[in-house]
Amino acid sequence: MEQQEAESPRAVAWAVTSGKGGVGKSTLSLNLGIALSAAGKRVLLVDADLGLANIDILLGIAPEYNLQDLLRGRASAFDVIVEGPESLSVLPAASGISEVDAWQTDDADRLSEELGRLERAFDLILIDTGAGISTKVTDFVLASDRAFIVATPEPTSIADAYAMVKVATSDRPDLPVGLIVNRAKSPREAHELHTKFEEITKRFLNIQIDRIGHVVEDLEIEHATRNQNPVVVSEPETEAARCLKKLGEELLGDLDATDRSQPGLFERLASRTVKQEIA
């Protein structure tokens, strides 16, 4: 692992986020991570939903360590990582702990320093952020190479997704942002939502949103979630699983084409922490 860190380019960082909770963001992040890992990429899924972590629950695992142990110096980054399906690596977060939810500057510094060791051990760091537009969410979004906004066809979800795009691009206009429509009743509904969202963001924010793809509404995802077995593993031939695998396949080219000469996730995260401290 140390040899890989020395010889490999730094990992690409993608943030999967949403303006609203309850849109299936974590389930989508997990299944997308598995699909990319199954395609041969070294993927680290970081549960960055600080205080409300659930990737470990979705996988039905009880990690010995979590992000809280890393923040408090009780474990190293590599100690915290657990292996998921298809060789996906997972860095689980702590759930229901108020001091993590508070997110102090010292914690951010330690996180950046520790996780920086991982930057050359993976091809992709996939970040499952919390929902909303608080600093603990936007810091991860703005430090990433690219952000994927997950939204459902519900009006409140669309409005909150727009708010996230507005906040993120006002702080970092060059951030590539894409929309993933989740729980679409049909490809047509997803297409119409993509078109509408593109028009709104172009007109009012002068931002070009990437059309990433969609995942159809499928009861098998709910069943897989209840069984704590991701749908791309448990029911790979279902329509939702095919949508998720298609997303992964189409994003592979984007991953390989990313400019890795720019600062990586953890350098950007540390830089944002310093700026906030000065301010």
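Data overview
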| read-out | value |
| --- | --- |
| Most to least packed among 10-23, 148-161, 181-194 [average Cβ atoms within 10 Å] | 10-23, 148-161, 181-194 |
| The chain: translational diffusion in µm²/s, Stokes-Einstein, Kirkwood Rh over Cα pairs, 25 °C, 0.890 mPa s | 131 µm²/s |
| Using a Förster distance of 45 Å, the FRET efficiency for SER261-GLU189 (Cβ separation, nearest 0.05) | 0.70 |
| Candidates ALA257, ALA53, ALA121: whichever shows maximal mean-square fluctuation once the chain is modelled as a Gaussian network with Cα springs under 10 Å | ALA257 |
| Stretch gain in nm, segment ASP79-GLU198, where the contour uses 0.36 nm per residue and the Cα spacing is subtracted | 38.6 nm |
| Dipole moment magnitude, nearest 20 debye, the chain about Cα centre, only Lys, Arg, Asp, Glu C-beta charged | 740 debye |
| Of LEU251, VAL150, VAL215, farthest towards positive along the dipole that unit charges on Lys, Arg, Asp, Glu beta carbons give the stretch 148-267 | VAL150 |
| Share, in percent, of DSSP beta bridges within the chain that are antiparallel, nearest 5 | 10 percent |
| Most mobile listed residue (GLY84, GLY253, GLY60) in the chain, GNM with C-alpha springs under 10 Å | GLY253 |
| For peptides 73-79, 220-226, sequence by mean Cβ density within 10 Å, most packed first | 220-226, 73-79 |
| q = 0.13, 0.28, 0.30 Å⁻¹, the stretch 202-254: log10 I(q)/I(0) [Debye, one scatterer per Cα] | -0.43, -1.03, -1.11 |
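The numbers here are math on the coordinates, done by the rules we state, and not lab data. None of these values were measured; they are calculated from a predicted model. Positions of Cβ are backbone-derived with ideal geometry, glycine not excepted, and every protein chain shown enters the neighbour counts.
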